[in-house]
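What follows is a single structure, written as C-alpha cells, with notes after it.
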Amino acid sequence: MSMVVQVSHLTKRYITMTALSDVTLELPEGHIMGLLGPNGSGKTTLMKILAGLVSPTSGSVLIDEMAPGIRTKAVVSFLPDVNHLDRWMSVGEAGDFYADFYLDFDRKRFDELLGIMGLTAVQKIGSLSKGMVEKTRLSLVFSRKARLYVLDEPFGGLDPLARRQVLDALVANFRTDCSMILSTQMVADVEHFFDDVVFLDDGHVVLSGEAEDLRTRRGASIEDIYREVYGHVEAR
Amino acid sequence: MWKLVRYQLRGRRLLYTIGLIVMGALTLYQATRFIGMHESPVQSAPVSMNVPLMMALFWVVFYMVMTVINIVTYTQDLYGDTGYLVFGLPLRGAQVLGSRIVLLVIDTLMTLLGGMTSVIVLACLAPGLAQQIRPWVGPFLLTRDYWVMCLGVLAVIVSFMSIMFFGVTFGKTLTNSKKHLGSIFSALVVIAVLWASAQFGIMLETRFSGVRLYLRPWENLPIVGTGTQPAQFPLIAPLMFVMLGVLAFVMTSWLMDRKLNL
C-alpha cells in the first residue's frame, strides 16, 4: 500500500513558541485520518505544512513522495478553518477561480454539490451566512480530484442537518486512490469514518494508531479515548 | 500569473469604479470654473493653466491611494484569511509577486490615461487653455525624452513597491503567532532598507556628482518646466534603487516559496 503522507521528525518553531515537536506519522492511500487535540495542540500548523502554507523548521514531509511546494499544492485540497474566499466573489466565480488554477477541479461535480447543498452560483460570498459559506468551501474542496484532502474543522459553522449533508457528501466523494486528514472537535459525529487517529498535545504526538485497533485495545470509543487523553487539558 | 491578475482586477472593479467616478466628478467640478468664460477666451487663459495643474494633483493623490491599497491588500493576503486562497495556489512566489507588480503597472497606466483624458476634457471646455496647448499636444506625446522620464519614474516606483513587499513578507516569515510583532517587524525592515538605500544613494550621488542624465521632456511643451533647456536627472542613485528593487523581488519570491508562515 503506497503512502500518501510521510512525516518524519517534523518540528516547527516560531520566535516565541514551538508549534510542533518531533512529529512522525504516515497516511496510506485510501485512509481517512482523524487529527485530534485541543486548541493550540499543533493540528492547524501540521495541516498548513501539508498544504504548503507553512515551512517546517526541521524534519521531513513528503506528500506523494514530494516535498511540500508548487507540485504538492496541485494535488492537495486544503480547507482552512477560516473563510479563505474573497467576499466580492459569487459562488460561481469561486468555482471559476478553482477551475482556472487547479487542473483536478471537476466543474460538473461542483455544480452537483451546490445543488445538494442548496446553493446557487449567483449568490455572493459576502452575503452568505456562516453555514452557507462553509458549504461553498466544502463544495469547492470536494470538487477537486485531489490525492490528499486536508480539512481543518470542516463542520465549524454547520447545524446538525447541514453537518449530515456534508458528511454524506464526504462519504459519497471519497475515493480509494486518495487520502484525507480531518481535524474536528466533533469527534462523536465522525469517528466511525476514521481509519487512523493521531492525538496531538502541545505539539507532540501523544497517541496514534489505527482507529479500530485503539477502540479494541482500550475498550472505548475514540471520543472516550479523547476525553481520557485530554482530561488534564480540560481540567486546566 | 495572468489569471491571478485577472481575478485581482475583478476584485478591484468596485474600487476602480468608485475611483473613476470620483475623478470624473472632480474633472466636471473643475470644468464648471470655465462657465461664463467662453466670451473671453484670452482672459480665461491664466485661470485655465491652474486648473489642469490642480487636476494633475488630484491624479497624483489617486495614484498614491491606489499604491497604498496595493500594499494593504498584499499585507491582508499575508496576514489575513484570503492568503490561504492565493498562497495555496500551485504558483511560484515570483508569479504571485509578479501579478502584484503587473497590477501596479496597470494602476500607473490607468492614472496616466485618466490624467490625459481629464486634460483633454478640460481643454475642450476651456477655450483659453485649448488655444494655448492645442498646437503642442501631438508633438509633446511623441517626445522621446518624456517617455524615458516616465519609464524611469515607473522603474523607481516598482522598485519601491518590491522593497515594501519584501519587508512585509520578511516580517511574516519570522513569526506567525504574534501578528502585531510581524507587522511591526515588516515596517522596521522597510524603513531600514529605505533609509540605508537613501544614505547609500546620497553617497553615490556625491561621489559621482558629474554623472547626470540630461533629458528634454518638455521640449515640445515649453510652457511647462525648463522648456527646450535640458533638465538634469540623477542617474546613479535611481539605478542603485532599481537594482535593490530587483534584489527585493528575487528575495521575496524565494521567501514565498521556501519560508512562508501563513
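Annotations for the structure displayed:
- The single condition from (1) more than 9 Å from chain B (Cβ to nearest Cβ); (2) outside any loop (DSSP other than H, G, I, E, B); (3) under 20 Å from the mean Cα position of the chain (by Cα); (4) over 18 Å from A:Arg144 (Cβ atoms) that A:Asn39 fails is (2).
- In region A:60-94, the residues that are of a type in the set (Lys, Arg) and either surrounded by fewer than 21 Cβ atoms within 10 Å (Cβ to Cβ) or farther than 11 Å from B:Gly88 by Cα (or both): A:Arg71, A:Arg87
- Residues that are over 21 Å from A:Ala51 (Cβ atoms), of a type in the set (A, V, I, L, M, F, W, C) and modelled with pLDDT under 80, drawn from region A:163-182: A:Val171, A:Ala172
- You will find that of A:Val122, A:Val75, the residue that is within 11 Å of another protein chain (Cβ to nearest Cβ) and farther than 20 Å from B:Leu78 by Cα is A:Val75 and no other.
- The listed residue being at pLDDT 85 or above, surrounded by fewer than 17 Cβ atoms within 10 Å (Cβ to Cβ) and not basic (Lys, Arg), out of B:Ile106, B:Ile101: B:Ile106
- Residue under evaluation A:Arg13, criteria (1) in contact with a Leu (Cβ under 7 Å, 6 or more places away or on another chain); (2) within 13 Å of chain B (Cβ to nearest Cβ); (3) more than 23 Å from A:Asp177 (Cα to Cα); (4) basic (Lys, Arg), criterion not met: (1)
- A:Glu134 surrounded by 14 or more Cβ atoms within 10 Å (Cβ to Cβ), out of contact with any Asp or Glu (no Cβ under 7 Å at 6 or more places or on another chain) and of a type outside the set (A, V, I, L, M, F, W, C): yes
- Filter pass, A:Val190 being under 11 Å from A:Glu223 (Cβ atoms) and surrounded by fewer than 22 Cβ atoms within 10 Å (Cβ to Cβ): yes
- Unique match (being modelled with pLDDT of 85 or more, β-branched (Val, Ile, Thr) and crowded, with 16+ Cβ neighbours inside 10 Å) among B:Val190, B:Val250, B:Val158: B:Val158
- Residue check for B:Leu89: closer than 28 Å to B:Ala187 by Cβ, at pLDDT 85 or above and not in a helix (DSSP H, G or I): yes
- Taking region A:53-68 as the range and being small (Gly, Ala, Ser) and either outside any loop (DSSP other than H, G, I, E, B) or within 7 Å of another protein chain (Cβ to nearest Cβ) (or both) as the test, the residues that pass are A:Ser55, A:Ser58, A:Gly59, A:Ser60.
Per-residue answers, yes or no, for (1) more than 30 Å from A:Leu62 (Cβ to Cβ); (2) part of a loop (DSSP other than H, G, I, E, B); (3) in contact (Cβ under 8 Å) with a residue 60 or more places away in the chain; (4) among the polar types (S, T, N, Q):
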{"position": "A:Phe78", "(1), (2), (3), (4)": "no, no, yes, no"}
{"position": "A:Asp81", "(1), (2), (3), (4)": "no, yes, yes, no"}
{"position": "A:Trp88", "(1), (2), (3), (4)": "yes, yes, no, no"}
{"position": "A:Asp100", "(1), (2), (3), (4)": "no, no, no, no"}
{"position": "A:Ala121", "(1), (2), (3), (4)": "yes, yes, no, no"}
{"position": "A:Gly126", "(1), (2), (3), (4)": "yes, no, no, no"}
{"position": "A:Leu161", "(1), (2), (3), (4)": "yes, no, no, no"}
{"position": "A:Gln165", "(1), (2), (3), (4)": "yes, no, no, yes"}
{"position": "A:Ala172", "(1), (2), (3), (4)": "no, no, no, no"}
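- Here A:Ser221 meets the list (1) more than 28 Å from A:Arg109 (Cα to Cα); (2) at pLDDT below 85; (3) in contact with a Lys or Arg (Cβ under 7 Å, 6 or more places away or on another chain) almost entirely, failing just condition (2).
- The one condition in (1) at pLDDT 85 or above; (2) under 30 Å from A:Tyr102 (Cα atoms) that B:Ile18 fails to fulfil: (2)
- Evaluating A:His84 against the criteria (1) out of contact with any Leu (no Cβ under 9 Å at 6 or more places or on another chain); (2) more than 22 Å from A:Phe174 (Cα to Cα); (3) within 12 Å of chain B (Cβ to nearest Cβ) leaves one unmet condition, (1).
The values are calculated or read from the model by the stated rules, or taken from the named source; none is laboratory data. Source: prediction; values computed, not measured. So basically every Cβ, Gly included, is an ideal-geometry build from the backbone, and we count neighbours across all protein chains shown.
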